[in-house]
Amino acid sequence: MSRSCLAVILAAGDSTRMKSSMSKVLHPVAGRPMIAHVMAAVASAGMTDAALVVGRDADKVAKAGAIGGISVKAFLQTERLGTGHAVLAARDAIAEGFDDVLVAYADVPLITAAPFMAARAELQNGADVVVIGFHTDKPTGYGRLLVENGELVAIREEKDATEEERKVTWCNSGLMAINGAKALALLEQIGNANAKGEYYLTDLVEIARANGGKVVAVDAPETELTGCNNRAELAYIERLWQERRRHELMVSGVTMIAPETVFLAYDTQIGQDALIEPNVVFGPGVTIDSGAVIHAFSHIEGAHVSSGATVGPFARLRPGADLAEGSKVGNFCEVKNGKVGEGAKVNHLTYIGDAVIGAHANIGAGTITCNYDGVNKHETRIGANSFIGSNSSLVAPVSIGDGAYVASGSVITEDVPDDALALGRARQEVKPDRAKVIRERALAIKASKAK
């Protein structure tokens, strides 16, 4: 769409019902602040300019809303005098002369670009005001959209509605689009002659019609317009978001054995024919390539898993983990900032941190890369086709050559050349009958204490 558009995002609410030390719109859904979800939808709808009306935690809210591709200006709302008053806090931005002005709320994180695009299309067709509504089988408490001959004639609040009007199931979401050339003039006509003395944005419907303008409503799915006021509603929104994203992935070719137990982040990418077993959690920044397998009870964040690689069960991949094709990170292993080469195996009970593992290397159970000296992190390099025996500690910085062999139970503090065998453990000694002496001594001490 070639028309210019300003999105006015209302994010100044006190959010007292969240019972939180931070602004409601900063609370995350799928690992991303609610306001960032709304801004992403705005960007997808082709809008490049946004005015954030902020209050509590103003700087943090503005920062969270500053996603790529959007020019953001923040406007502080110092008084709470209704939605119409809140929109006019962005007066200077509205006055810049956009074709369209769209009003949205920062606590509606399930919104997509589609309702915004539909509203803007109606503006392009000559409407002065477009209200985004939704159909619901539980309309109680919502303002009803009253339509005659294809035009919206009023938004009737329930307390003012007749019995017949209360049967209407098309309800007001609060989201609205306004003809940019007329926006300021219309907004400035909103009065506060009501019981609360507030300026209601919904009054624009009757104001625009009184000025000879056309007002229409467009429909959007009820779930997309779900708002958040407390922690219970936040959990409900999280569930709806997860269900929607899981469905998208499964219809694109991802297998989830028990999808309701898989939790995704806002940017999780999973390729076709990947298999996700039950109880897997994805944090932000994860890419799973086609054909990879993530076994049950694994936790993955900031990681890349290549085609044919397997993870888990009970594995943790932390930021910087990068598994090449056909590699394996097995049960009860952790990888942080580690590259696991093609076909390499990190089988079980192992920690790999700040390391590079060559192709087809085998890392035995209980291996630890000792990467932290208390001040700095250091790198471990393990060559291709090398073998690290079980219960070995590799004290970084250290390099294990291609084809090298580290004997089980070793503590390696120096580089190991290609094809060499390294042993870093004390020589075993056997003392006959010493165990019997120790045991008899212990029993005698116990008996003396019992007297």
For this session: Scan region 387-409 and give yes if some residue there is modelled with pLDDT of 95 or more, open to solvent by 70 Å² or more (accessible area, probe 1.4 Å) and acidic (Asp, Glu), otherwise no.
Result: yes
Exercise. Does any residue in region 286-306 that is within 17 Å of Gly338 (Cβ to Cβ) come within less than 8 Å, Cβ to Cβ, of a residue that is basic (Lys, Arg) six or more places away or on a different chain, and which pairs are these?
Worked result: Ser298/Arg316; His299/Arg316; Ile300/Arg316; Glu301/Arg318; Gly302/Arg318; Ala303/Arg318
Problem set entry | Single match in Ala177, Ala193, Ala217 (criterion: open to solvent by 60 Å² or more (accessible area, probe 1.4 Å) and either of a type in the set (A, V, I, L, M, F, W, C) or touching a strand residue (DSSP E or B) at 6+ places or on another chain (Cβ under 7 Å) (or both)) | Ala193
Seminar exercise, completed: Checking Gly366, Gly424 in turn, the sole residue that is part of a loop (DSSP other than H, G, I, E, B), in contact with an Asp or Glu (Cβ under 9 Å, 6 or more places away or on another chain) and farther than 20 Å from Asp322 by Cβ turns out to be Gly424
Exercise. Out of curiosity, is Ala384 in a loop (DSSP other than H, G, I, E, B), open to solvent by less than 60 Å² (accessible area, probe 1.4 Å) and not charged (D, E, K, R)?
Worked result: yes
Problem set entry | Close pairs (9 angstrom Cβ cut-off, 6 or more residues apart or separate chains): closer than 13 Å to Val61 by Cα in region 19-30, aromatic (Phe, Trp, Tyr) and open to solvent by 70 Å² or more (accessible area, probe 1.4 Å) anywhere | Pro28/Tyr266
For this session: Can you confirm whether region 123-141 contains a residue that is touching a strand residue (DSSP E or B) at 6+ places or on another chain (Cβ under 9 Å), open to solvent by less than 10 Å² (accessible area, probe 1.4 Å), aliphatic (A, V, I, L, M) and within 26 Å of Arg245 (Cα to Cα)?
Result: yes
Seminar exercise, completed: By residue number, the members of region 199-222 that are under 20 Å from Cys171 (Cβ atoms) and not hydrophobic (A, V, I, L, M, F, W, C) are Tyr200, Thr202, Asp203, Glu206, Arg209, Asp219, Pro221, Glu222
Problem set entry | Pair list, Cβ < 7 Å and 6+ apart or interchain, from region 172-188 residues that are more than 13 Å from Asp203 (Cα to Cα) to residues that are surrounded by 21 or more Cβ atoms within 10 Å (Cβ to Cβ) and acidic (Asp, Glu) | Ala177/Asp100; Asn179/Asp128; Gly180/Asp100; Lys182/Asp128
For this session: Taking Val8 as the residue in question, decide whether it is at pLDDT below 95 and over 24 Å from Ala265 (Cβ atoms).
Result: no
Exercise. Limited to region 222-244, what total is found for residues that are surrounded by fewer than 19 Cβ atoms within 10 Å (Cβ to Cβ) and either touching a Leu at 6+ places or on another chain (Cβ under 9 Å) or at positive phi (or both)?
Worked result: 4
Exercise. Quick one: what pairs do we get from region 240-254, first residue touching a residue at least 12 places away in the same chain (Cβ under 8 Å), second aromatic (Phe, Trp, Tyr) and surrounded by 12 or more Cβ atoms within 10 Å (Cβ to Cβ), C-beta under 7 Å, 6+ apart or different chains?
Worked result: Gln242/Phe263
Exercise. If you go through region 11-27, how many residues are assigned to a helix (DSSP H, G or I), surrounded by fewer than 20 Cβ atoms within 10 Å (Cβ to Cβ) and hydrophobic (A, V, I, L, M, F, W, C)?
Worked result: 0
Exercise. Only one of these conditions is not met by Val375: (1) open to solvent by 10 Å² or more (accessible area, probe 1.4 Å); (2) farther than 19 Å from Thr268 by Cβ; (3) in contact with a Gly (Cβ under 9 Å, 6 or more places away or on another chain). Which number is it?
Worked result: (3)
Exercise. How about region 45-66: which of its residues are under 18 Å from Thr83 (Cα atoms) and open to solvent by less than 10 Å² (accessible area, probe 1.4 Å)?
Worked result: Ala50, Ala51, Leu52, Val53, Val54
Exercise. Which of the residues belonging to region 294-337 are closer than 15 Å to Asn279 by Cα and open to solvent by 30 Å² or more (accessible area, probe 1.4 Å)?
Worked result: His295, Phe297, His299, Glu301, Pro313, Phe314, Arg316, Asn331, Phe332
For this session: Check off (1) touching a residue at least 24 places away in the same chain (Cβ under 8 Å); (2) buried (at least 16 other Cβ atoms within 10 Å of the Cβ); (3) over 36 Å from the mean Cα position of the chain (by Cα) for Ile207 and give me the number that stays unchecked.
Result: (1)
Exercise. Do the conditions hold for Asn347, that is, is it polar (S, T, N, Q), closer than 22 Å to Leu323 by Cβ, open to solvent by less than 70 Å² (accessible area, probe 1.4 Å) and at pLDDT below 95?
Worked result: yes
For this session: State which residue is farthest from the chain's Cα centre (by Cα) when the search covers only region 410-442 and only residues that are surrounded by 11 or more Cβ atoms within 10 Å (Cβ to Cβ) and among the acidic types (Asp, Glu).
Result: Asp419
Exercise. Looking at region 378-400, is at least one residue without any contact (Cβ under 8 Å) to a residue 60 or more places away in the chain and more than 21 Å from Leu423 (Cα to Cα)?
Worked result: yes
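The values are calculated or read from the model by the stated rules, or taken from the named source; none is laboratory data. From a predicted model like this one, the values you see are computed outputs, not experimental measurements. For neighbour counting, all protein chains shown are included, and Cβ atoms are generated from backbone atoms with ideal geometry for every residue, glycine included. With ligands, DNA and RNA removed, areas are computed over all heavy atoms of the protein, side chains included. Shrake-Rupley method; radii C 1.70, N 1.55, O 1.52, S 1.80 Å.
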